[in-house]
Amino acid sequence: MTVLDSLSARDAGLAALRRSCRAAIVVPSLFALGTEVLGNSLVAMFAAFGSIALLLFVDFGGSLPERLAAQAWLVVAGAALVCLGTLASDSVWLPALAMAVVAFGVLFSGVVSSVIAASATPLLAVFTLAVMVPGPAASLFDRLAGYSMAGAASLIAIALLWPAPVREPLRHAMARSCALLADRLRAEVECARGDSTGDNRVALEKLLVIC
């Protein structure tokens, strides 16, 4: 058994390996850009941590356009939470209240769609960073700049760095179920018409065992 086979046995579709490789490239690159090129530690922190949240904590399914659309929605929602967290961070009691309200809202909204449910962890992680690092409203530009860098890099990484194959785990199972149901209905119709001998009876007995 090769190393790839061993990883595949523990990591279905190599999803975790794919996310880890993307993060290993993007996170240090953005952190170096923020610290060494821009010379802004706040930008670097939000760029690096935002990349971790957007690339490691979520992995949308579907086709590539669907994944990019869901990721873009996540980036926009995360930017809104960065703004809200920054405005609430320069206080003593307000961060705790804001965390409780946002956590309830994000987790409860997961019942609306699977995309929102999958986005709960990265959204809460980004808001936690913004609200737990005290800063005035003037620091909002640097925070959004770093997070925007992370959002743009996440979209590029998902599209170009080892794009995930289309995952439709229910498609083949549903097709198989529909085919079996059609065969069973045809066999039952033949039996109801009185032709219950031969292949139809065998097929019906087999379908009854399978179903």
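Put a plus charge on the Cβ of each Lys and Arg, a minus charge on the Cβ of each Asp and Glu, and nothing anywhere else: the dipole of region 14-170 about its Cα centre is then about 240 debye. Label positions at S91 and A159, each projected 7 Å from the Cα along the C-beta direction, are separated by 3.9 nm. Remark: spin-label model distance V37-W73 equals 3.1 nm, labels positioned 7 Å along the Cα→Cβ axis. Accessible surface for S114 stands near 90 Å², nearest 10, in the context of the full protein assembly shown (1.4 Å probe). Largest to smallest in accessible area, the residues E188, E36 fall in the order E36, E188 (1.4 Å probe, all protein chains included). Available extension along the chain between S29 and A80 is 15.9 nm, counting 0.36 nm per residue and deducting the alpha carbon span.
The alpha carbons of region 79-133 give a radius of gyration and a Dmax of 11.1, 34 Å, in that order.
The values are calculated or read from the model by the stated rules, or taken from the named source; none is laboratory data. The structure displayed is predicted, hence computed values, not measured ones. Note that we place each Cβ from the backbone using ideal geometry, even for glycine, and neighbour counts take in every protein chain shown. When the accessible area is computed, the model is the full protein with side chains, heavy atoms only, and any ligands, DNA or RNA have been set aside. Shrake-Rupley method; radii C 1.70, N 1.55, O 1.52, S 1.80 Å.
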